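Below you'll find the structure, written out as structure tokens, and then a few comments.
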Amino acid sequence: MRRTVYRDLDALMYAGFPVVSERRDGRVYWRFLETFQLGDVPFTPDEILALAFGEDLLRVLEGTVFHDSVQSALAKIRAGLSAELTAYLERLRESFRVLPGPHKRYTEYSDTIAALNAAVLGKRTVRMRYRTGRTGKRSRRRFDPYKVWYRGGGLYVIGLDHQSGEIRTFAVDRIQKLEATGDAFEIQEGFDFDAWTAASFGVVAEPALPVRIRFAARHASWISERSWHPSQALTQLPDGGVELCMEAGGSEELASWVMSFGGGAEMLEPESLRRRVAKELRAALGRYESAGAQRLERKGAAPKRSPSSSRARSRA
């Protein structure tokens, strides 16, 4: 391991990076000179590496102005580097990768995203045709877009929906048509995006409720190692499990998340959400049992009888 570190440090210095060492508290520390510039590019090595890493992070938005602009910026930066530095940065980039989780694809929505960005920046009302995710219902509405934001693998836009007269969040990929109206709008007085979304567990904005969830020991590390909500508090349980408490809204998203752990999670509070999760799990169990019985019938296999029913037949 030590030889590998020294070899990498030698490679950095060979590539032209001004690496210096200093001794503090009996230990040797290595660092870049902060005043160093790579060719004609006014960035530090760490900043360029961060941009390259950011390119990978934004790969989920490939085909949109966000991802394409980062690629364009990095191309300009690389053009100002020497051949040696360019080759070494490519080596470093291959050493740090980001593999995105489940996410939506936005290549075909680049025009919609560009139009939304222009409307947000210019504070211009838009007309849009929108498809609701759950029901598939289509509607036409006027909308004042306040902000485009990314959460959980998807792009969303939040603003004033003229149809309901309320602040609403819409999924960008469900916007089927978008037109600029030219009408200006002003953001509602007192609207604070961070405050608006702070209580939400996901995307849906609902009043925050006390939420308490118990996780089995096999999920304790997974839960404890991550930040799920700004208000969260974790309690280790005697059996090795963990209890997560938070003040959060978004009942549907919370229920889906808890059910994704199967029998390894139990919704304790609020009671209404506990009943909802229990109902969904009973329905899921019913579908599994029904499907299993149908498969046995198609195969011509008789369902297994319980020991008690077998004893009853023998006594008869």
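The values are calculated or read from the model by the stated rules, or taken from the named source; none is laboratory data. Computed from a prediction, not measured in an experiment: that's the story for all the values here. For neighbour counting, all protein chains shown are included, and Cβ atoms are generated from backbone atoms with ideal geometry for every residue, glycine included.
Please pick out the residue among SER272, SER256 that is farther than 24 Å from PHE170 by Cα, of a type in the set (Ser, Thr, Tyr) and in a helix (DSSP H, G or I). Break it down into steps so the answer makes sense when it comes.
Details: SER256 fails: farther than 24 Å from PHE170 by Cα.
Every option except SER272 fails the conditions.
On the basis of being surrounded by 12 or more Cβ atoms within 10 Å (Cβ to Cβ), at pLDDT below 80 and not in a helix (DSSP H, G or I), does PHE53 make the cut?
Working: surrounded by 12 or more Cβ atoms within 10 Å (Cβ to Cβ): yes; at pLDDT below 80: yes; not in a helix (DSSP H, G or I): no.
So PHE53 fails the test.
Of the numbered conditions (1) within 28 Å of ARG134 (Cβ to Cβ); (2) at pLDDT below 90; (3) among the aliphatic types (A, V, I, L, M), ALA312 fails exactly one; give the number of that condition.
Only one criterion in (1) within 28 Å of ARG134 (Cβ to Cβ); (2) at pLDDT below 90; (3) among the aliphatic types (A, V, I, L, M) is unmet by ALA312, namely (1).
Restricting to the range 72-89, name every residue that is exposed (fewer than 15 other Cβ atoms within 10 Å of the Cβ), at pLDDT 75 or above and not basic (Lys, Arg).
Let us first name the residues in the range 72-89 that are exposed (fewer than 15 other Cβ atoms within 10 Å of the Cβ), namely 72-73, 75-76, 79, 82-84, 87.
Checking the rest, the ones that are also at pLDDT 75 or above come to 72-73, 75-76, 79.
Within the range 72-89, SER72, ALA73, ALA75, ALA79 qualify.
Here are ASP192, ASP239: which of them is surrounded by fewer than 16 Cβ atoms within 10 Å (Cβ to Cβ) and in the same structural domain as ILE158 (by TED's automatic domain parsing)? Don't jump to the end; show me each part of the working.
Values: ASP239 fails: in the same structural domain as ILE158 (by TED's automatic domain parsing).
Checking each option against the conditions leaves just ASP192.
Select from the range 143-196 the residues that are in contact with a strand residue (DSSP E or B) (Cβ under 9 Å, 6 or more places away or on another chain) and in a helix (DSSP H, G or I) and list them in ascending order.
Selection gives VAL172, ASP173, ARG174, PHE193, TRP196.
Please enumerate the residues belonging to the range 217-245 that are in contact with an Asp or Glu (Cβ under 7 Å, 6 or more places away or on another chain) and at pLDDT below 95.
Within the range 217-245, just SER231 meets the criteria.
For the range 129-160, name all the residues that are within 21 Å of the chain's Cα centre (by Cα), under 22 Å from ALA180 (Cα atoms) and without any contact (Cβ under 8 Å) to a residue 60 or more places away in the chain.
THR132, TYR146, LYS147, VAL148, TRP149, TYR156, VAL157, ILE158, GLY159
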